[in-house]
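The block underneath contains the structure these notes are about, expressed in C-alpha cells.
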Amino acid sequence: MEKVKARRVITNQREIKKRIEKDLDLYCQKAIELGASDARVVSAKGVVVDERVRLKCAVPHCHLYGSSPNCPPYTPTPDEVRKALCRYKYAILFKHDVLPKEDFVDPQQWLKGHEKHQKMTHKIASALESLAFNDGYYLAMGFAAGGCKTALCGGLPCQFLDSGRCRFPLMSRPSMEGMGIDAFGLAAKVGWEIYPVAHKNVDQDSISCAVSVGIVFVH
Ligand code: SF4
C-alpha cells in the first residue's frame, strides 16, 4: 500500500489559508482518481441540515432504520450535527455515476445492485477524509450514502450492534441523509442532475441518470 506522508498540524489561520486551496483542489482530483465522476469544493455554510431529512428515515421506516450505528436513531440529532458542521468552512462534495442506472432505479435490480455503488461512496469518503487528516486537517470528517449494512456488509446483521466489532471500522460511515444533510438539495444546488428514484411506479425513462453522493468536511 502506498505510504502517505503526514504533515505537521498548524493552527495559524493565515498559514492554513495559504495552503488549503491547493489541498482542496488535490482532494477533488483524488476523488476523481478514486472513481468519482465529479467533485466540487463547497462552502460548509451552504450545507443544510434539516430535521425532515432524518425524519424521512423513520417515516415510512427505511428497511435499514436502526440496522447499524450509522443509521438513525443512532446517528446524532440534526441539532448536534448542525452545531458541529457550522464549525467547518470547506467541504468536498463528490458524486459517483451509477451505471447502469437500473442498479438504483429498477425496484428489483436495486435490491443488490445499489450495494457496490454505495460501497464506492464509502470508499471515497473514507479515503479523502484520511488524506485530509494526514495533511493536518485532523477534524476532517466524511459521510457517504445509504446504509453500511447493505453497502459494506452485504445485508448481514451488523456485527457492531452485536459485539462492538465493526467489520469495516475505518470505512463505514453514516450517510449524508442519516446525518440530516439535505443531499438532494445540495447536489441540485451545484448543478448535478439528481432524481428521487425509490418509487415502484416511477417511469424509469423519466430518469436520465442515477448518482450516489458523498461529502467530506475538511476544515
Ligand atoms: S459491522 Fe457492518 S453494518 Fe455494522 S457498523 Fe460495521 S459496516 Fe456497518
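Of all aspartates and glutamates in the structure, those lying under 18 Å Cα to Cα from Lys83, and not within fewer than 8 positions of it along the same chain, are Asp50, Glu51, Glu177, Asp182.
Peptide packing for 189-195, 13-19, 210-216 was compared via the average number of neighbouring C-beta atoms within 10 Å per residue; ordered from the highest value, the list is 210-216, 189-195, 13-19.
Shape class for the range 33-134: oblate, because the ratio a/c of the largest to smallest gyration tensor axis (alpha-carbon atoms, square roots of eigenvalues) is 1.5 or more and b/c is at least a/b. Take the convex hull of the alpha carbons in the range 123-199; its mean projected area over all directions comes to 6.8 nm². Under the convention that each Lys and Arg Cβ holds +1 and each Asp and Glu Cβ holds -1, the size of the dipole of the range 34-217 around its Cα centre is about 480 debye.
Beyond 30 Å in Cα-Cα separation lie the following of the pairs Lys17/Lys101; Lys3/Lys189; Lys56/Lys119; Lys17/Lys123; Lys5/Lys149: Lys17/Lys101; Lys3/Lys189; Lys5/Lys149. Normalised by the residues of the range 1-127, what does the relative contact order come to in percent, with Cα pairs under 8 Å and at least six apart? Relative contact order of the range 1-127: 27 percent. For the pair Leu170 and Ser206, a Förster radius of 45 Å applied to the C-beta separation gives a FRET efficiency near 0.70, rounded to the nearest 0.05.
In terms of overall dimensions, the C-alpha atoms belonging to the chain reach 54, 42, 38 Å along their principal axes, ordered largest to smallest.
Peptides 164-172, 102-110 ordered by packing proxy, namely the average of other Cβ atoms within 10 Å per residue, highest first: 102-110, 164-172. For Tyr90, the residues whose modelled amide H falls within less than 5 Å of its own, excluding neighbours fewer than 5 places apart on the same chain, are Ala44, Val218, His219. The slack between Thr77 and Leu99, meaning 0.36 nm per residue of separation minus the straight C-alpha distance, is 4.6 nm. Working from Cα pairs under 8 Å separated by at least six residues, relative contact order for the chain is 30 percent. Length gained on full extension, Asp25 to Lys5: 5.4 nm, using 0.36 nm per residue less the C-alpha separation.
Under the 0.36 nm per residue contour assumption, what length would be gained going from the current alpha-carbon distance of His61 and Ser163 to full extension?
Numbers: separation 102, 0.36 × 102 = 36.72 nm, distance 2.46 nm.
Roughly 34.3 nm would be gained on extension.
No lab work stands behind these numbers, since they all come straight from the coordinates. All values derive from a computational prediction rather than experimental measurement. Here the Cβ is made from the backbone with ideal geometry for all residues, glycine too, and neighbour counts use every protein chain on show.
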